[in-house]
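Trainee: I have a structure here, written as structure tokens, and I will follow up with some questions on it.
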Amino acid sequence: MLAAAGRVKDMAIRTPLLPLGPGLWLKAESLQAGGAFKLRGAYNRLAQVAVADRPRGVVAFSSGNHAQGVALAARRLDMPAAIVMPADAPRVKLDGTAALGAEIVPYHRATESRERIAADLAAARGAVLVPSFDDVDVVEGQGTTGLEIAEQLGRAPARIVVPCGGGGLAAGIALAVPEAQVIVAEPEGWDDMTRSLAGGTIVEVGADAPVTACDALQTRRVADITFGALQAAGAIGVAVDEAEIRAAMRHAFSLGLVVEPGGAVALAAWLAGKLPVGEGDTVIVASGRNVDPPAFARVIRGDG
């Protein structure tokens, strides 16, 4: 983890730890370069690719935040990047990824496998394949968020509440700050990590999962490494509904922050009173800001 911190320290922004109240803090990873925490893991992974291999590039798959993290890391390392992205990804994420110089390979979220498309593309090009969470180096890079929290606070907090899709950020934080209880937050119906931790084995998201605005958290199955790290750490999970997520986005905006739906779920869990009561500091992670302006405006107005 310390090696990862050394690699990313000059690339990633040291995002602020904002006070919300006595013993309550918000880690604003929404202010990270690329609009989310993803640059940390992407850069930690790609910085270890041999210089001679970098011209062959990198392939990743993502709905947008990992896409931009990989694209930004690749640009800084002078590597070509191709990102497999759902055709219905938010326009701000598609445009942001393209603006960073990445090639976008669209796919249909419901009928095609992004993993298969990306693996075939990487094999054909001899490129390195960088998954969004199922990778030790990616997880360790995301964990530098936890190291920063402890450094900024001057101690390990009692608990850290983290948005969770595949679990890379939460697992990394659990490894980085083992003294803290990690609580993952997910949208209802997509709370597979919460149910997996409660049941002691990985549970996949059902085919009948509800529609959610949290495009960044629509992961059908968490990884063995992320589940294993969180289970070993004694992590627990909570689920929040869409109205609670919108309320959290509005609350973040009142603090001067733009936070996307998936990035607001941890804050939503606190606002909805769903976090366990305990002594000591609580840190809530706001993990990303990449939301289409029209959709964000509707939420702020209370129309959506």
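Trainee: Do we find that GLY256 is surrounded by fewer than 18 Cβ atoms within 10 Å (Cβ to Cβ), assigned to a helix (DSSP H, G or I) and either at pLDDT 95 or above or of a type in the set (A, V, I, L, M, F, W, C) (or both) in this structure?
Mentor: Considered against the rule, which asks whether it is surrounded by fewer than 18 Cβ atoms within 10 Å (Cβ to Cβ), assigned to a helix (DSSP H, G or I) and either at pLDDT 95 or above or of a type in the set (A, V, I, L, M, F, W, C) (or both), GLY256 comes out as no.
Trainee: Right, here's the next one. So in segment 93-111, with the set limited to residues that are of a type in the set (A, V, I, L, M, F, W, C) and surrounded by 15 or more Cβ atoms within 10 Å (Cβ to Cβ), which one is farthest from LEU39 (Cα to Cα)? Please lay out each step first, then the result.
Mentor: First pass over segment 93-111, keeping only residues of a type in the set (A, V, I, L, M, F, W, C): 94, 98-100, 102, 104-105, 110.
Those left that are additionally surrounded by 15 or more Cβ atoms within 10 Å (Cβ to Cβ): 94, 98, 100, 102, 104-105.
Numbers: LEU94: 16, ALA98: 16, LEU100: 13, ALA102: 14, ILE104: 18, VAL105: 20 Å.
Of everything passing the filter in segment 93-111, VAL105 is farthest from LEU39 (Cα to Cα).
Trainee: State all residues of segment 7-19 that are hydrophobic (A, V, I, L, M, F, W, C) and crowded, with 16+ Cβ neighbours inside 10 Å; if no residue qualifies, say none.
Mentor: VAL8, MET11, ALA12, LEU17, LEU18
Trainee: Mind checking whether some residue in segment 297-304 is touching a residue at least 24 places away in the same chain (Cβ under 8 Å), out of contact with any Gly (no Cβ under 7 Å at 6 or more places or on another chain) and assigned to a loop (DSSP other than H, G, I, E, B)?
Mentor: Yes, that holds for at least one residue.
Trainee: Tell me, please, whether a residue that is more than 21 Å from GLU115 (Cα to Cα), over 17 Å from the mean Cα position of the chain (by Cα) and open to solvent by 20 Å² or more (accessible area, probe 1.4 Å) can be found in segment 211-221.
Mentor: Yes, the conditions are met somewhere in segment 211-221.
Trainee: Next question, about the same structure. Within segment 41-85, take every residue that is over 20 Å from GLN218 (Cβ atoms) and polar (S, T, N, Q) and give me the one that is nearest to the chain's Cα centre (by Cα).
Mentor: If we take residues in segment 41-85 being over 20 Å from GLN218 (Cβ atoms) and polar (S, T, N, Q), then ASN44 is nearest to the chain's Cα centre (by Cα).
Trainee: Tally the residues that are farther than 19 Å from ARG54 by Cα, open to solvent by 30 Å² or more (accessible area, probe 1.4 Å) and either at pLDDT 95 or above or among the aliphatic types (A, V, I, L, M) (or both), restricting the search to segment 123-142.
Mentor: Number of matching residues: 2.
Trainee: Quick check on my filter: what residues within segment 171-228 are of a type in the set (Val, Ile, Thr) and within 24 Å of GLU260 (Cα to Cα)?
Mentor: Within segment 171-228, ILE173, VAL182, ILE183, VAL184, THR194, VAL205, VAL211, THR212, THR219, VAL222, THR226 meet the criteria.
The values are calculated or read from the model by the stated rules, or taken from the named source; none is laboratory data. As the structure is a computational prediction, the values presented were derived from the model and not from experiment. Virtual Cβ from ideal backbone geometry, glycine too; neighbours counted across all protein chains shown. Please note that ligands, DNA and RNA were not included when accessible areas were found on the heavy atoms of the full protein model with its side chains. Shrake-Rupley method; radii C 1.70, N 1.55, O 1.52, S 1.80 Å.
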